[in-house]
Amino acid sequence: MSNHNQADKTPTPRYKPYKGAAGGWGALISVTQAWLTSDNALKNIRTMLKTNQNGGFDCPGCAWGDSPESGMVKFCENGAKAVNWEATKRRVDAAFFAKHSVTALLEQSDYWLEYQGRLTEPMVYDAVSDRYQPISWDNAFKLIARHLTSLTTPDQAEFYTSGRASNEAAYLYQLFVRAYGTNNFPDCSNMCHEASGVALSQSVGVGKGTVTFDDFEHADAIFVWGQNPGTNHPRMLEPLREAVQRGAQVVCINPLKERGLERFQHPQHPIEMLTNGDRPTNTAYFRPALGGDMAMMRGMAKFLLQWEREAQAQQAPSVFDHDFLNEHTGGVLDYLASIDDTPWEQIVEQSGLPMGEIELAAKMYLKANNVIMCWAMGITQHRHSVATIQEIANLMLLRGNIGRPGAGLCPVRGHSNVQGDRTMGINERPPVFLLDALEKRFQFKVPRSNGHNVVEAIHAMLDGRAKVFIGLGGNFAQATPDSPRTAEALRNCALTVQISTKLNRSHLMHGKDALILPCLGRTDIDLQAEGPQAVTVEDSFSMVHASNGQLQPLSREMRSEPAIIAGIAAATLGNHPVDWNWLIADYRRIRDLIADTLPGFKDFNQRLEHPGGFYLGNSAAERRWNTASARANFKANLLPMDLVNERVRATGQVPDLILQSMRSHDQYNTTIYGLDDRYRGVRGQREVVFVNEADIIRLGFQPGQKADLIAIWDDGRERRVNGFTLLAFDIPAGQAAAYYPEVNPLVPLESVGAGSHTPTSKFVAIRLERSAQSNRIA
Ligand SMILES: Nc1nc2c(c(=O)[nH]1)N[C@H]1C(S)=C(S)[C@@H](COP(=O)(O)OP(=O)(O)OC[C@H]3O[C@@H](n4cnc5c(=O)[nH]c(N)nc54)[C@H](O)[C@@H]3O)O[C@H]1N2
Ligand SMILES: Nc1nc2c(c(=O)[nH]1)N[C@H]1C(S)=C(S)[C@@H](COP(=O)(O)OP(=O)(O)OC[C@H]3O[C@@H](n4cnc5c(=O)[nH]c(N)nc54)[C@H](O)[C@@H]3O)O[C@H]1N2
Ligand SMILES: [Mo]
């Protein structure tokens, strides 16, 4: 399907271990190259300098937050790439589509597709010429309305959201879709931090992190589980570095020795750059088996319990925070029993770590008065992710590490407004308070039954139960598991609509009718009837702030996301339940509706005037527990019987390796900026698989040879990707790692997290076959 070597010029693939530090000279060189090769370099630099300042726009990169007080210009290499990528002058217009048929475009790589530039006018698919052709906005809205109003039930339509949509766009979208009559809101969060939301709601009564930026300045230990901030949240490296300078511990748990975690230097501190970062930032690095984190945490809890008992016997100061346990928690005795019931053999086997290392991690946790635990996709994309995240909460509750300064839970979010989108009601399982508030404010009967998440939406489209797909951003065809089946699902639709900034594969895997609706991005000036508009976003620390576009849009035919949603809504529902076009003339009107219906947004418009925005508040951070028991709940989950899925075991095949899929340094999810992964030493290629040298030999291969990867699953479907170069890498035995989305065809749609339905993208059982292409790398 995608062939990355077809990108503009085929670069020479190279592989050489990376010796420099993360975030230093290398980073600056790379940013500079990105700027210089851009067609409006100077303008980009000016734009960059306005990013995140009051009046500037929010970085469309990650969801990490900055100190609201600092007022400093904060940016990172990968934020610069994201801005640069969006702010291109290249256009994908009617002339472009006249030149390329959809069939021809399908031959191009993901990199090539997005590199062509910004989508600048609405287009409709024409089957006779196999091309997209121009359509007026009005006719596009009418076509959508015709499809939506002819469905047997509103539940036959799927409304996807990617996490870049602003609060205003997301709120309007959910209002329209619910007024239309369904809760079918598959969203990128279903593939991302869903398990965090599910787990934390049950444990502490709020599905978000409990820390703010300030807490990082007061933590004595920061645990970073399953996350690669050097690439994916570069601004997070700064508080980590400051913590180490203060004498705090940064404890990393990751099977790969990620460069950004090993050593760090900040590009804005030139003196340190001169030394090229000899000083290690972290003092401990644990490398568990894939999916072995929960076992490691249970082992840590087992040591804590042992030490607590010893302390009691010796009348020494206790290990647990008994006042907190008594006043705030429930279920601790069941949990302690489950610790006793978990045998060490199971812990050691599943975690992949010797007992001594687990003891060291437990000691580091115990030694610190205030602990923050951070995590990302290495924790959330497993079958037992909900249980793993609840084990994080358990560990933290034992010592009262939630709801006091310098301590707390920190699921580090992905997309820049993915957390805000959930707050706005993009949720296929909406909370009752939200539905009640909408019903009260808007006088319509809000649908009460749960809608489809991403995996359920794919099944529904495959079975013909869903016929219309509308995507508010994102790249559904590439981000989802089991790629050929998702393609079939989209092609099965009567109508697919993609509201996008850039061309991607989702536009090419389309329904019988198909629309591309070009929208403004974060960097663009959003001019509406009553003047230029700001939008708002929420970061990982529940800070809400405004974002103002700075660049003249490339074309007058591009519309803002709220304007596009209003257009679809007005064509489908008329002025019900609101006057959509009146609302979008001035986004403050949308924010007034948000203030009327969502908790924490009272006086929304006024509070936005505060530089840096405002804090939404977090009940768990104040030790108020919105759970059924009104307490923080210990969850006594069992460790998985076996990390390998029973459906893999049912095949009788022993996997050669367990594969995780991850991001390279030069990508933003399915957006591929380039073919390098600097910190892992890879250049000019993406179809590679990182494997331990001993495993390569054991499996009868040589480093540099090509292999086909085949997933092991019991439904008789072949899941295979071909011609991946084997790179001998420092990775624990039995594991493999490769890039997302190239290996998404290997992830079975049925392999999902218990309770989260998140595809298990970090745990795929595979075998290797010798590839017909057997080139060695240079
Ligand atoms: N530049 C850039 N920034 C981004 C993104 C991007 O693509 N590019 N994507 C954004 C989005 S949407 C998200 S969700 C975040 C993603 O941010 P990350 O979660 O950092 O992304 P991944 O590359 O998936 O990295 C997963 C990390 O977890 C480790 N890991 C894998 N399996 C396990 C395991 O079982 N246990 C442990 N302990 N570790 C494991 C991997 O080795 C890897 O270091 O970044 C956001 N920011
Ligand atoms: N195997 C595997 N699969 C994964 C993951 C993994 O680690 N491994 N990670 C998962 C995760 S964490 C996530 S979040 C999902 C990501 O899934 P998505 O959010 O669906 O994917 P993106 O690649 O971020 O979407 C990129 C497209 O968004 C559009 N876009 C960019 N900016 C804007 C904007 O401002 N407005 C609009 N309307 N469109 C815009 C552009 O057209 C661009 O082509 O993928 C998931 N899939
Ligand atoms: Mo994500």
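All but one of (1) closer than 30 Å to Y180 by Cα; (2) surrounded by fewer than 15 Cβ atoms within 10 Å (Cβ to Cβ); (3) charged (D, E, K, R) hold for E107; which doesn't?
Only one criterion in (1) closer than 30 Å to Y180 by Cα; (2) surrounded by fewer than 15 Cβ atoms within 10 Å (Cβ to Cβ); (3) charged (D, E, K, R) is unmet by E107, namely (1).
Per-residue answers, yes or no, for (1) within 12 Å of ligand 3 (Cβ to nearest atom); (2) of a type in the set (G, A, S):
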residue	(1), (2)
S162	yes, yes
S166	no, yes
Y171	no, no
V177	no, no
Y180	no, no
S189	yes, yes
H193	yes, no
G197	no, yes
S203	no, yes
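Per-residue answers, yes or no, for (1) under 30 Å from A94 (Cβ atoms); (2) surrounded by fewer than 21 Cβ atoms within 10 Å (Cβ to Cβ); (3) among the aromatic types (F, W, Y):
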| residue | (1), (2), (3) |
| --- | --- |
| D130 | yes, yes, no |
| F141 | yes, no, yes |
| Q174 | no, no, no |
| H193 | no, no, no |
| L200 | no, no, no |
| S203 | no, no, no |
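Do we have R146 as assigned to a helix (DSSP H, G or I) and more than 30 Å from Q419 (Cα to Cα) here?
Yes.
Return yes or no: is A571 outside any loop (DSSP other than H, G, I, E, B), surrounded by 19 or more Cβ atoms within 10 Å (Cβ to Cβ) and within 16 Å of ligand 2 (Cβ to nearest atom)?
No; evaluated as a whole, the condition is false for this residue.
Can you tell me which residues in region 466-482 are over 14 Å from the mean Cα position of the chain (by Cα) and aromatic (F, W, Y)?
F469
Taking the conditions exactly as written (away from ligand 3 (no atom under 16 Å from the Cβ), within 24 Å of D526 (Cα to Cα) and not in a helix (DSSP H, G or I)), does F141 satisfy them or not?
No: the conditions fail for F141.
Looking at the structure I just gave you, is G209 surrounded by fewer than 24 Cβ atoms within 10 Å (Cβ to Cβ) and either within 16 Å of ligand 2 (Cβ to nearest atom) or touching a residue at least 24 places away in the same chain (Cβ under 8 Å) (or both)?
Judged against the criteria, G209 is not a match.
Could you say which residue among F433, F444 is in a loop (DSSP other than H, G, I, E, B), surrounded by fewer than 23 Cβ atoms within 10 Å (Cβ to Cβ) and either at pLDDT below 95 or among the aromatic types (F, W, Y) (or both)?
F444
Any residue in region 373-401 that is in contact (Cβ under 8 Å) with a residue 24 or more places away in the chain sitting within a Cβ distance under 8 Å of a residue that is within 15 Å of ligand 3 (Cβ to nearest atom) and of a type in the set (K, R)? List the pairs, counting only those 6 or more apart or interchain.
Listed by first residue and then by second, the contacts come to M377/K762; G378/K762; Q381/K762; H382/K762.
Take A243 and decide whether it is more than 16 Å from ligand 3 (Cβ to nearest atom) and of a type in the set (G, A, S).
yes
Just for strands (runs of 3 or more DSSP E) wholly inside region 691-771: which have at least 3 residues that are touching a residue at least 60 places away in the same chain (Cβ under 8 Å)?
Because the criterion is at least 3 residues that are touching a residue at least 60 places away in the same chain (Cβ under 8 Å), the strands (runs of 3 or more DSSP E) in region 691-771 that meet it are 706-711, 735-739, 764-770.
Search region 644-657 for residues being among the aliphatic types (A, V, I, L, M) and either free of Cβ contacts under 8 Å to residues at least 12 places away in the same chain or buried (at least 22 other Cβ atoms within 10 Å of the Cβ) (or both), and hand back the single one that is nearest to ligand 1 (Cβ to nearest atom).
L657
Residues of region 506-537 being charged (D, E, K, R) and within 16 Å of ligand 1 (Cβ to nearest atom), which ones?
R522
With the checklist (1) within 15 Å of ligand 1 (Cβ to nearest atom); (2) polar (S, T, N, Q); (3) over 19 Å from the mean Cα position of the chain (by Cα) in hand, flag the one item T380 doesn't pass.
Result: T380 passes all but (3).
Determine whether G617 is surrounded by 17 or more Cβ atoms within 10 Å (Cβ to Cβ), modelled with pLDDT under 95 and not charged (D, E, K, R).
No; evaluated as a whole, the condition is false for this residue.
Give the residues of region 340-372 that are free of Cβ contacts under 8 Å to residues at least 60 places away in the same chain and either surrounded by 19 or more Cβ atoms within 10 Å (Cβ to Cβ) or not assigned by TED's automatic domain parsing to the domain that holds A221 (or both), sorted by residue number.
If the condition is that a residue be free of Cβ contacts under 8 Å to residues at least 60 places away in the same chain and either surrounded by 19 or more Cβ atoms within 10 Å (Cβ to Cβ) or not assigned by TED's automatic domain parsing to the domain that holds A221 (or both), then no residue fits.
Might you check whether a residue that is on the phi > 0 side of the Ramachandran plot and in contact (Cβ under 8 Å) with a residue 24 or more places away in the chain occurs anywhere in region 495-505?
No, that holds for no residue.
Can you tell me which residue within region 362-387, out of those that are among the polar types (S, T, N, Q) and within 16 Å of ligand 2 (Cβ to nearest atom), is farthest from V319 (Cα to Cα)?
Q381
Within region 432-480, restricting attention to residues that are in contact with a Gly (Cβ under 9 Å, 6 or more places away or on another chain) and of a type outside the set (A, V, I, L, M, F, W, C), which residue is farthest from V743 (Cα to Cα)?
This residue is K445.
Quick one: H459 ticks every box in (1) surrounded by fewer than 24 Cβ atoms within 10 Å (Cβ to Cβ); (2) within 25 Å of A393 (Cβ to Cβ); (3) outside the structural domain of T210 (by TED's automatic domain parsing) except a single one, so which number is it?
(2)
The values are calculated or read from the model by the stated rules, or taken from the named source; none is laboratory data. Since the structure is predicted, the reported quantities are computational estimates derived from the model, not experimental observations. Counting neighbours? That spans all protein chains shown, and the Cβs are built from the backbone with ideal geometry, glycine included.
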